[in-house]
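One structure below.
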There are 2 protein chains.
Amino acid sequence: MAGRELTSIRSPRVKAARRLAKRAFRRRDRRFLAEGPQAVREALALPGRLVELFTTAEAETRHADLVLAAEAAGVPVLRVSGEVMAELAQTVTPQGLLAVCELVDVPLESVLDPAPRLVTVLAHVRDPGNAGTVLRTADAAGAESVIFTDASVDPYNGKCVRASAGSLFHLPVVAGPRIGALIPALRACGLTVLAADGGGDTTLDDAIDKGLLSRPTAWIFGNEAWGLPAEILEAADEVVGVPIYGRAESLNLGTAAAVCLYASARAQR
Amino acid sequence: MAGRELTSIRSPRVKAARRLAKRAFRRRDRRFLAEGPQAVREALALPGRLVELFTTAEAETRHADLVLAAEAAGVPVLRVSGEVMAELAQTVTPQGLLAVCELVDVPLESVLDPAPRLVTVLAHVRDPGNAGTVLRTADAAGAESVIFTDASVDPYNGKCVRASAGSLFHLPVVAGPRIGALIPALRACGLTVLAADGGGDTTLDDAIDKGLLSRPTAWIFGNEAWGLPAEILEAADEVVGVPIYGRAESLNLGTAAAVCLYASARAQR
């Protein structure tokens, strides 16, 4: 069981964890925070990733299985007061468990060899909730990896981690490549590069009908407000838009990505 | 142009608008609030729906076309101070335009005759942002109407209106029918009733392959956390689940609805 309860947010271990809410510290310490029992369970499944577990007395009872599993894995468990947990956690109703994890991202090369069949790229995606939702959807649709380019939000942003609902721990995530070098690298391993854009010359239905989606594919999704810049649209093999049949002006990013990724999943099976 | 600027939140017109943030007053006054230029533009396109327009001096200049169009349509325009607008608006950064509109929902019978081909039903959807996102997606996918059952969030909730991105004004919305009477009514006009549920016996791919989705269809979507109750699963013609190919436990509601509705749109065309 955890030792004495930490009740001060000035405790060095609490301070060290708390500053991981900032990207600069996450990069420096190579660690991030993941909240809640689901995230703790997923982190435990990846040996060595869970480096510290904060818990409240109440959560220690409610999630005794997870706390015991963490201790069995040699992970230090620190019991904190409800106030300290509220300071550490970023959700309004923290569930009393907070994991400090080592970063999970992998080098780009490792997801391109052997050649994948379905890859998701987030380029210029700025909203962490949207990014996490697309990560979760990519996982569900069977994508083999998700690449966050350097112009996108940090995959370890707390909101992104939460919106991913565990998927950050499920499939390889690449963080930070520049889009300019990325597109040739994707193409070099045999992927057809499709840029998702409502103004595309090809509709998703046309892409399905032409058999385009049965090829190994990298989908690139852009900014929630303004989409993808001209250089990406030009560099892609095709610009594909989800058709709008009614009067909506557009789809939101998570919705459009879901329709595209599931269309690929179906076409490839 | 608008007359003297209202600077007090105790002004009777401001108070009357402000209370529309509460469902009870929306029901009583048969009015709701819609924020921002896009909503004002959509409301103006429906004759008689926009009954009052609040604007800041700045927005009156920036959106002069909309303010003039409202005046030309005989809509009272009330200029308010930035402070009053901040009190009236529910967004963090109000865009200086706030429309008071008459409710736009229609009776159930009106969307079932002539028989529709694609209908979306929200049953037990409680999060207004999710509901608005599904409304927007249903519009984009060409659904002919969206039905909010009595156990779902109010379609006029401010977050739902915003998340719908104008779609509340685009297609007929039915508010408040009880699900028990609804399913027989949907079936009576020739619709196949599909309940979306991850635990369904039929996968979406099977449903497509069997030709199920090319029939006139009503899709029922359930609660974000616990899905659909047993009586709806039993009453539906089929329970259909979006397949999970990777390791995600589930899809979020908006994502699952997008995949289902676009699969229907494609199958029906």
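The values are calculated or read from the model by the stated rules, or taken from the named source; none is laboratory data. Keep in mind that what you see is a predicted model, and the values were worked out from it rather than measured. FYI the Cβ positions are ideal-geometry reconstructions off the backbone, even for glycines, and counts take in every protein chain you see. Accessible surface areas use protein heavy atoms only, side chains included; no ligands, DNA or RNA. Shrake-Rupley method; radii C 1.70, N 1.55, O 1.52, S 1.80 Å.
What does the charge count near B:Asn223 come to, summing +1 for each Lys or Arg and -1 for each Asp or Glu among other residues with Cβ under 15 Å from its Cβ?
Numbers: positive: B:Arg126; negative: B:Asp127, B:Asp150, B:Asp197, B:Glu224, B:Glu231.
Overall, the nearby charge balance is -4.
For A:Glu58, what accessible area in Å² do you get when you roll a 1.4 Å probe over the heavy atoms of the protein chains, rounding to the nearest 10?
Answer for A:Glu58: close to 130 Å² accessible.
List the residues, sorted by chain then number, that are 5 or more residues from B:Leu118 or on another chain and whose placed amide H is less than 5 Å from its amide H.
Long-range HN contacts for B:Leu118: B:Glu144, B:Thr217.
Once phi is turned into θ = phi - 60°, what whole-Hz ³J(HN,Hα) does the Karplus curve with 6.51, -1.76 and 1.60 give for every residue of the range B:42-48, x standing for Gly and Pro?
These are the phi-based 3J(HN,Hα) values: 5, 5, 5, 6, 9, x, x Hz.
Name the residues whose placed amide hydrogens come within less than 5 Å of the amide hydrogen of B:Leu78, ignoring near sequence neighbours (fewer than 5 apart) on the same chain.
The answer is B:Leu53, B:Phe54, B:Thr55.
Within the range A:241-261, find all residues whose amide N lies under 20 Å from a label point positioned 7 Å from the Cα of A:Arg23 along Cα-to-beta-carbon.
Flagged as within label range: A:253-254.
Counting only the heavy atoms of the protein chains, how much of B:Met85 is accessible to a 1.4 Å probe, in Å² to the nearest 10?
Approximately 0 Å² of B:Met85 is accessible to the 1.4 Å probe.
Could you work out [θ]222 nm for the protein assembly as shown from helices alone, using -39500 (n - 2.57) per DSSP H run of at least four and dividing by all its residues? Round to the nearest 500 deg cm²/dmol. Intermediate results must be reported in sequence, preceding the final value.
Numbers: 26 runs with 214 residues, N = 538.
Computed ellipticity for the protein assembly as shown at 222 nm equals -11000 deg cm²/dmol.
Once you've got the Cα coordinates, tell me which of A:Lys159/B:Lys159; A:Lys22/B:Lys159; A:Lys15/B:Lys159; A:Lys159/A:Lys210 are over 27 Å apart.
Details: A:Lys159/B:Lys159 19 Å; A:Lys22/B:Lys159 29 Å; A:Lys15/B:Lys159 36 Å; A:Lys159/A:Lys210 38 Å.
Beyond 27 Å between Cα atoms: A:Lys22/B:Lys159; A:Lys15/B:Lys159; A:Lys159/A:Lys210.
For B:Glu58, which inter-copy label distances result when the label point lies 7 Å beyond Cα on the Cα-to-Cβ vector, reported in nm to one decimal and in ascending order?
Once sorted, the set of distances for B:Glu58 reads 4.2 nm.
Grab the residue from chain A whose Cβ hugs the A-to-B rotation axis most tightly, plus its distance in whole angstrom.
A:Ala258, 2
So how exposed is B:Asp113, as accessible area in Å² (1.4 Å probe, rounded to 10)?
120 Å²
Would you mind telling me which residue in A:Arg28, A:Arg136, A:Arg126 has the biggest mean-square fluctuation in a Gaussian network model of chain A, where springs connect alpha carbons within a distance under 10 angstrom?
A:Arg28
Output, in nm with one decimal and in ascending order, the distances from the A:Asp209 label point to the matching label points of the other copies (7 Å from Cα along Cα-to-Cβ).
For A:Asp209, the inter-copy label distances come out at 2.4 nm.
Excluding A:Ala115 itself, calculate the net charge of residues whose Cβ lies under 14 Å from the Cβ of A:Ala115, where each Lys or Arg counts +1 and each Asp or Glu counts -1. Can you show the working numbers first?
Values: positive: A:Arg117, A:Arg187, A:Arg215; negative: A:Glu109, A:Asp113, A:Glu144.
Spelling it out: positives minus negatives among the neighbours equals 0.
For chain B, what % of the accessible area comes from carbon and sulfur atoms, probe 1.4 Å? It would help to have the intermediate numbers written out before the result.
Values: 5620 of 11050 Å².
The C+S portion of the solvent-accessible surface of chain B is 51 percent.
Which of B:Gln90, B:Ala115, B:Val125 sits closest to the plus end of the dipole of chain B, meaning its Cα is farthest towards the positive end, when Lys and Arg get +1 and Asp and Glu get -1 on the C-beta?
Farthest towards the positive pole: B:Gln90.
Would you kindly derive the ³J(HN,Hα) couplings of the range A:132-143 from the backbone phi angles with the Karplus curve 6.51 cos²θ - 1.76 cosθ + 1.60 (θ = phi - 60°), listing them in order in whole Hz, with x for Gly and Pro?
In residue order, the calculated couplings are x, 5, 5, 4, 4, 5, 4, 4, 4, 7, x, 4 Hz.
Can you figure out the FRET efficiency of A:Arg247 with B:Trp226, using R₀ = 30 Å and their beta-carbon distance, to the nearest 0.05?
Working: r = 32 Å, r/R0 = 1.08.
The formula returns an efficiency of 0.40 here.
Could you work out the local net charge near A:Glu238, counting Lys and Arg as +1, Asp and Glu as -1, over the other residues with Cβ closer than 11 Å to its Cβ? Walk me through the numbers on the way to the answer.
On the way: positive: A:Lys210, A:Arg215; negative: A:Asp197, A:Asp201, A:Asp206, A:Asp237.
Net charge around A:Glu238: -2.
Nm distances between the label at B:Cys189 and the same-position labels in the remaining copies, 7 Å along Cα→Cβ, shortest first?
Those label-point separations list as 5.0 nm.
Would you work out the charge dipole size for the range B:42-155 about its Cα centre, treating the Cβ of every Lys and Arg as +1 and the Cβ of every Asp and Glu as -1, and quote it to the nearest 20 debye? Don't skip to the answer; put the middle values down first.
Numbers: 6 positive and 17 negative charges, 49 e Å.
About 240 debye.
Using DSSP, restrict attention to beta bridges with both residues in chain B and report what percent are antiparallel, rounded to the nearest 5. Display every interim value, and only then the final one.
Numbers: 11 of 36 bridges.
Just about 30 percent of them are antiparallel.
7 Å from Cα along Cα→Cβ at both A:Ser8 and B:Arg13: what's the point-to-point distance in nm?
About 5.8 nm separates the two model spin labels.
Let me have the relative contact order for the range A:144-234, percent, based on Cα pairs under 8 Å that are six or more residues apart.
Values: 83 pairs, mean separation 23.4, N = 91.
Worked out over the range A:144-234, it gives 26 percent.
Which of these, A:Ser110, A:Ser167, A:Ser81, has the largest mean-square fluctuation under a Gaussian network model of chain A (Cα springs below 10 Å)?
Residue with maximal mean-square fluctuation among A:Ser110, A:Ser167, A:Ser81: A:Ser110.
Just how far, in whole angstrom, is the range B:124-141 from the range B:24-49 if you go by their alpha carbon centroids?
Cα centres, the range B:24-49 to the range B:124-141: 18 Å.
Alpha carbon centre of the range A:165-243 versus the range B:161-177: separation in Å?
Centre-to-centre distance over Cα atoms comes out at 31 Å.
Within 10 Å of each Cβ of B:238-246, how many other protein chain Cβ atoms are there on average?
Numbers: counts 0, 0, 0, 0, 5, 7, 4, 12, 14.
Whole-number average of other-chain Cβ neighbours for B:238-246 is 5.
If you average 1/r across every pair of different Cα atoms in chain B and take the reciprocal, what Kirkwood value do you get, in Å?
Computed over Cα pairs of chain B, the Kirkwood hydrodynamic radius comes out at 19.5 Å.
In the range B:2-41, which residues have a backbone nitrogen under 20 Å from the label point lying 7 Å from B:Glu83's Cα in the Cα-to-Cβ direction?
B:3-19
Accessible area per residue, 1.4 Å probe, Å², for the range A:12-102: what's the number? Kindly include the intermediate steps, with their values, before the conclusion.
Working: 4410 Å² over 91 residues.
Value returned for the range A:12-102: 48 Å² of accessible area per residue.
Within 10 Å of each Cβ in peptide A:226-233, how many partner chain Cβ atoms are there on average? Round it to a whole number, please.
Values: counts 0, 0, 0, 0, 0, 0, 0, 0.
Other-chain Cβ atoms within 10 Å of each residue's Cβ, averaged: 0.
Apply the Karplus parameterisation 6.51 cos²θ - 1.76 cosθ + 1.60, with θ equal to phi minus 60°, to every residue of the range B:258-269 and state each ³J(HN,Hα) to the nearest whole Hz, in sequence, with x for glycine and proline.
In residue order, the calculated couplings are 4, 5, 5, 5, 6, 5, 5, 4, 5, 5, 7, 9 Hz.
Rounding to the nearest 20 debye, state how big the charge dipole of the protein assembly as shown is about its Cα centre with +1 on each Lys and Arg Cβ and -1 on each Asp and Glu Cβ. If you can, show how the numbers build up before the last one.
Values: 58 positive and 62 negative charges, 322 e Å.
Charge dipole, the protein assembly as shown, about its Cα centre: 1540 debye, nearest 20.
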